[in-house]
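Before any comments, here is the structure.
Every number in this text was worked out from the coordinates using simple rules, so none of it is lab data. Just so we're clear, the structure is a prediction, and the values are computed from it rather than from any experiment. Every residue, glycine as well, gets a Cβ built from its backbone with ideal geometry; the counts of neighbours run over all protein chains shown.
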Amino acid sequence: MVMSLRNSHNFYAIMFTVTSFIYLITGTILLLTGFVWDFPTSHRDPVFILLFFGFAVMIVFGMSYILIPNLMNFKVRQTMIKIQYFIYNIGLIISFLSMELSLNNFKSYFISTLLVLGLILLIISITIHVWNISGVKHSTIGSGRESP
């Protein structure tokens, strides 16, 4: 049972959903500590980005991996889901940290480059998601046959 769930797209949908709630809890805790203790170095914009992109977008990804393949009767590639999951999380964390550092007067070219890199990773991840759920037949490289 566990192995069959782990090899299905529903397992990865659950991963996206659980991660989205982790981002929601983390962002809420950061936002509340900023309100309660009123840290002078605490900015709410990066926390809002963490809440919005971390929670809302991740839950949409998770639910779409449950609903769309079941409604449209096609299979998504699990390797693409894994790649999207890791690229999105890395991009989100890089974006959050670089925004937080730049708003705390750590102005540098490196921080700006990190922010751009994080945003590019988010865009790549969203593109992978749209391509994966679009129902396009994914052919395996070099074999000329379609993947299941």
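Between residue 104 and residue 45, how many nm apart are label points set 7 Å from Cα along the C-beta direction?
That separation, rounded to one decimal, is 1.6 nm.
Multiply the residue separation of residue 126 and residue 112 by 0.36 nm, subtract the distance between their alpha-carbon atoms, and state the gained length in nm to one decimal.
2.9 nm
Enter the mean projected area of the convex hull around the alpha-carbon atoms of region 2-133, in nm², rounded to one decimal.
Details: hull surface 34.6 nm².
It is 8.6 nm².
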